[in-house]
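Report on the structure given below.
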């Protein structure tokens, strides 16, 4: 059994908790003495972790890259190499034809974290060449 | 937030405005309870009798959409009854005269009809707030999700300036951020006009710094906002949409319009952890690791950088988000490689002076560092504006007043009720995470509820817990009536995470002119009784099962 410190992903309070893990499965959440939560958790903090155990209750986890070769095609599982090439070709073509500002990108205010968002806005600004970067703060 | 969440306990007065802590931030609600136990006066301005209203000294059940009128009336009392801090206003602020002029039109007596409040109650609240040695304002989406939102935020900040409630512990303004890392996405420059650290893309010196660090020429033209994408697609300007860790097909206003926007795109890339309704529109899906499967830093609502660690190994062929962007950047001709999140963090802090002193070491385990933190020996900043120095060019706090304007879509004979979208404690955002947790799913499931005053429901022949149709000019959904005497007559309330009872099919894409946030809190709807309840129950289950089956099949058949 091991315990890992995480910050709850369900609101802006920033409560710290420990995920208790056995055989790569989360089995419990324990409150921790974080600066803002002072050892307290709410309903979601205590019971919001079992989707990590692949419960498949509402909708499945995405486990492999997928592409739609044409608008009419079904989603098709492909390798990372092929998915990255497909997306790269399409983005480069749109950038060439319409300019970088034809591409809109978003950040994620949820699980990914600050570093992922930093890299995303760098990707939009330095690689695509646009400031079309926004996120769901407004919802 | 200008102050730390923990400083709520030090306040002597809390003015809680359009903010339901018990449902949206239960642990902040505990801080409010502790403040109460410490003797703080509590004033709640909310149309519903929310939990905080039950323990408040004063609950002001204002009419939906009258925020600006009430804020102006409170300012009016504080100024005209001479309750404001003249020395503070004189020494630390600008724009008082113009602010006073607008507030002078809003005596409490003159706003009784618009707000639905008694003048004497507004006067009492204003006096309580002004008299406290430490007064803090907390607000939420009951302020920001209106067509007039930024004006109200400025008005509330004006109340704090009037009374000198900045630059000390236990005072200030707290917009309590909803999503766990919405503060962080702002901090990281996921904004069309700012680089990380709130640095303007239009500033040549700043752009030069980023150009040197990244080795490319950068655009100095601000980009467009998420809520503008629909119009940009209609105009043929926006052709591709790269959606990272969000579900606009569930969370944006007026979902039919959002779906039409996505269909117009030549390319939709979705990077997520779940097969969402947004992912259905994707031409490319990049599967990412989840919270619990990767590490990094989040920002809490009170500017606190906090590290979270990896707990379990992911089971699929998934990658951390930053690695996916790096692969794509490299393939597009811009080599990008990081070996871990700390390397990314160190690049960030070298470019953002506000965060320069925040090392991974200083955030280890349970530690937390609040920005600004300019140097490594700096401990971080619990409250902003110490010494009454504000982050404006002049260093002064600026009063900005505004006249009240009503919400856009008023109820009429066709759509006689107002719909306001709200939160509930057991589910989060688009529900892809909490809906996959067994305890949380057991507590609440489709189609969700429409909270109604019992008198409104009875007038329509609707019993408690019956299924009903709720419709607006934009859509129609099924929901379950919840007799609720905490809500005001004439207004119904729905939470936004349900797929079958999706209230955003109904909401309107009328946005605040400055923030571009939609008016989720106000649109006209009608609620209709359904005669055949057995049919309706079956309809909900059939629709829900077929939607879940469709999403599963995309993954299973891929």
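General observations
- Residue list for the stretch B:322-339, restricted to those being within 30 Å of the chain's Cα centre (by Cα) and more than 7 Å from chain A (Cβ to nearest Cβ): B:323, B:324
- In the set B:286, B:281, only one residue is touching a helix residue (DSSP H, G or I) at 6+ places or on another chain (Cβ under 7 Å), more than 7 Å from chain A (Cβ to nearest Cβ) and closer than 29 Å to residue A:12 by Cβ; that residue is B:281.
- Among (1) buried (at least 22 other Cβ atoms within 10 Å of the Cβ); (2) facing another protein chain (nearest Cβ under 7 Å); (3) in contact with a helix residue (DSSP H, G or I) (Cβ under 8 Å, 6 or more places away or on another chain); (4) more than 23 Å from residue B:138 (Cβ to Cβ) - the single one residue A:63 does not satisfy: (1)
- Residue B:241 being in the same structural domain as residue B:313 (by TED's automatic domain parsing) and part of a strand (DSSP E or B): yes
- Taking each residue of the stretch A:99-121 that is within 13 Å of residue B:223 (Cα to Cα) and looking for partners that are part of a helix (DSSP H, G or I) with beta-carbon atoms closer than 6 Å, six or more apart or interchain, yields A:100/A:128; A:102/A:94; A:103/A:128; A:104/B:229; A:105/A:124.
- Restricting the stretch B:212-230 to residues that are at pLDDT below 95 and more than 7 Å from chain A (Cβ to nearest Cβ), the residue that is nearest to the chain's Cα centre (by Cα) is B:228.
- Residue within the stretch B:155-171 that is in a helix (DSSP H, G or I), surrounded by fewer than 24 Cβ atoms within 10 Å (Cβ to Cβ), in the same structural domain as residue B:24 (by TED's automatic domain parsing) and out of contact with any strand residue (DSSP E or B) (no Cβ under 9 Å at 6 or more places or on another chain) present: no
- Residues located in the stretch A:26-40, provided they are within 7 Å of another protein chain (Cβ to nearest Cβ), surrounded by fewer than 24 Cβ atoms within 10 Å (Cβ to Cβ) and more than 20 Å from the chain's Cα centre (by Cα): A:32, A:33, A:35, A:40
- Within the stretch B:406-433, residues that are free of Cβ contacts under 8 Å to residues at least 24 places away in the same chain have Cβ atoms under 6 Å from residues that are in a loop (DSSP other than H, G, I, E, B) in these pairs: B:426/B:444, counting only partners at least 6 apart in sequence or on another chain.
- Among (1) under 26 Å from residue A:111 (Cβ atoms); (2) at pLDDT 95 or above; (3) in contact with a helix residue (DSSP H, G or I) (Cβ under 9 Å, 6 or more places away or on another chain) - the single one residue B:179 does not satisfy: (2)
- Residue match in the stretch B:310-321 (condition: within 9 Å of chain A (Cβ to nearest Cβ), more than 30 Å from residue B:555 (Cα to Cα) and touching a helix residue (DSSP H, G or I) at 6+ places or on another chain (Cβ under 9 Å)): no
- Some residue of the stretch B:512-523 being under 22 Å from residue B:445 (Cα atoms), surrounded by fewer than 24 Cβ atoms within 10 Å (Cβ to Cβ) and more than 16 Å from the chain's Cα centre (by Cα): no
- Filter pass, residue B:431 being touching a helix residue (DSSP H, G or I) at 6+ places or on another chain (Cβ under 8 Å) and on the phi > 0 side of the Ramachandran plot: yes
- The stretch B:465-551 holds strands (runs of 3 or more DSSP E) entirely within its bounds, and those carrying 3 or more residues that are farther than 20 Å from residue B:423 by Cβ map to B:467-471, B:523-529.
- Selection from the stretch A:78-96 of residues that are at the interface with chain B (Cβ under 8 Å from one of its Cβ atoms) and surrounded by fewer than 17 Cβ atoms within 10 Å (Cβ to Cβ): A:85, A:92
- Options A:54, A:50; residue that is under 18 Å from the mean Cα position of the chain (by Cα) and either touching a residue at least 24 places away in the same chain (Cβ under 8 Å) or more than 7 Å from every other protein chain (Cβ to nearest Cβ) (or both): A:50
- Filter result for residue B:113 (out of contact with any strand residue (DSSP E or B) (no Cβ under 9 Å at 6 or more places or on another chain) and under 29 Å from residue B:62 (Cα atoms)): yes
The values are calculated or read from the model by the stated rules, or taken from the named source; none is laboratory data. Keep in mind that this is a model prediction, so the values were computed, not measured. In this analysis, Cβ positions are derived from the backbone assuming ideal geometry, glycine residues included, and neighbour counts consider all displayed protein chains.
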